[in-house]
Amino acid sequence: MPDADRRDSQEKGFLNHMADKEQRPGRSSRDGKLPEAEKKLHEAVCVLLVELCERFTFFGIVCNMILFCTAKLGYRSHQAAMVNMCFVGTSTLTPVLVGWLAEYLVGRTKLVCICMFLHFLGTALLPVVSFPFEDVHIDRRQILLTLPKREQKILFYFALLTASLGIGGIRAIVCPLSAYSLEDCGPKELLSFFNWFHWLVNLNSAVVFVSISYIQQSVVRNLGFLIPFVSGLMAMITIHMVRGEMICKPKTDSSLLTTFGVIFSALKTCGVRYRYLSTAVANWLDHAKENHGGHYSETQVEGTKSLARLFPLFTFQILYRTCIMQIPSGYYLQTMHSNLHFGGFVLPVAAMNVISIVPLLILVPILECINSWLFSSKDTGHSPTIYIVVGHLSAALSVTAAGFSEIHRKHFPQVEQTLSEELLLVSSMPCFHLAPQYVLLGVAEALVTPSCSLLSFWLVPERMRGISMHFLALFNGAGCFVGALFVQTAHAGTQGTWFPHLLHEGKLERFFFFLASLMMVNTLGFWAVAHRYNNLHEDCTKEFRGSLPGEKLLKHEKAIKSYNAVLESSPILSPVEKT
């Protein structure tokens, strides 16, 4: 009996100690709850504002880059398409690079200042490059200033590079997913977050494609680059005002270097053992463990194993991202060489991109209702893999429709059309005939991007989620560069026939049909491996999450906290028993 009393008193003392430890930072739960909620809401609003301003700047640069490169810099169509895709790919990859620099080489606050300066420099140089110096005169005989084409192109590339590095710093340090506090969200809440997040981003891009593209094309020619500069300046001012709340180190004990190190160590050890020994292991990555001759702990290797299961998902996104990149490249050129006149008004070329955004804006609320119904059923293991398969199929159909639209466009007689004071010979086919291919690609984006983000975030341990999203960004960026490589190969391999400068002189439809056939194979390939990610229930994802020692310890600590909360709020225990 005395031993039982002693154990009870020790248990109560331990629980009271845990309760005091939990309540110490917030003083009292009732007094600190409201300010803490207001603080989180304030931080979320600031992060979202910076995110939208940064996206506004990014889309403002991308929306009319092809028209600027062809009309102002004298590029061929395939060269302008490649520049646009490479800029998008670089802006996708730089958050991964800047995140690594912030973690190992440079302090996060110092790196944010550097990236803000690069962002300011890049967005400030773009209006300088696009400034119409030839239209400014001292008098009737002498031009005020001229910028040679070679120096203009060098300055343009430097501006794009510095702007993309600045974009990467803002996305990696100020606006990472960890800033939205998604740690305690389930798959339903995560999918809802990704759906509405991409909905807001695309609503922002719709405004950009309508407003900035019209200003750049019709009002002040290429000085529309001043608008991305202003939006970037707003983002930097917001970051400076709340830098103490928005610049913080993410909660992680893993890194890209560790992940790559585990993979290379496993490959090296596996090769040595295959040549000299015959030791069998359950997984090839187990060779990187210390007890199997490697240099990494079991926790690090198990985390990399959970991430490696997502590599097929990432790989099949490369070709899909190549198809999506047809909007700012192949589709843009098709629209630019079609009749843009509508009721006496010349539509901006990039305004056609809004047609690909409208399906996403409509589908997200519908998908939210479907997801609420599917996730509410406890007997079914709903997975967004079916969304990804349908989205990939929609992308393949979109590129196929683009090929038929190109054939259809050539049947119309040619007319003269002026864009940015450049006279072009284009098809008289109304640009709205291209709407089906834009709609299909918009449906694909509404289905694939949020679902792929959910799988990349949910099917790994919490400590690996940031690394998983970095790998998704790496493969998405690779898709942009693969698209540029396809354009260059198609143009060089066919002497400009498959990706011509003047579309009526070539066979652009063959390029689209080739890409569509690859995308169909890609869709079938993902369908074959989709069963690996078919169930998001906790029991079915045990092999993905919670199997690491750190995860188990965290769950045990959460269980103790939950038990303590029950003791504090239970009406069965008397006040004397609680103390």
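The values are calculated or read from the model by the stated rules, or taken from the named source; none is laboratory data. The shown structure was predicted, so the numbers you read here are calculated from the model rather than taken from an experiment. Heads up, the Cβs are rebuilt from the backbone with ideal geometry, glycines too, and the neighbour counts pull from every protein chain shown. Side chains included, ligands, DNA and RNA excluded: accessible areas come from the protein's heavy atoms. Shrake-Rupley method; radii C 1.70, N 1.55, O 1.52, S 1.80 Å.
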Among the candidates Ile388, Ile362, Ile370, Ile366, which residue alone is in the same structural domain as Gly466 (by the TED database) and touching a residue at least 24 places away in the same chain (Cβ under 8 Å)?
Ile388
Given (1) surrounded by 13 or more Cβ atoms within 10 Å (Cβ to Cβ); (2) at pLDDT 80 or above; (3) over 28 Å from the mean Cα position of the chain (by Cα), index of the condition Met82 fails
(3)
I'm trying to understand the selection: among the residues of region 416-444, which are open to solvent by 10 Å² or more (accessible area, probe 1.4 Å) and over 25 Å from Arg510 (Cβ atoms)?
Glu416, Thr418, Ser420, Glu421, Glu422, Leu423
Among (1) surrounded by 21 or more Cβ atoms within 10 Å (Cβ to Cβ); (2) at pLDDT below 80, which single condition is Gly166 missing?
(2)
Being among the hydroxyl-bearing types (Ser, Thr, Tyr), open to solvent by less than 10 Å² (accessible area, probe 1.4 Å), closer than 30 Å to Thr385 by Cβ and assigned by the TED database to the domain that holds Gly477: is that true of Ser451 here?
yes
In this structure, is Leu93 in a helix (DSSP H, G or I) and at pLDDT 85 or above?
yes
From the option list Ala396, Ala350, single residue qualifying as surrounded by 15 or more Cβ atoms within 10 Å (Cβ to Cβ), modelled with pLDDT of 85 or more and among the hydrophobic types (A, V, I, L, M, F, W, C) is Ala396
Residue hits (region 308-332; aliphatic (A, V, I, L, M) and closer than 21 Å to Ala435 by Cβ) are Ile324, Met325, Ile327
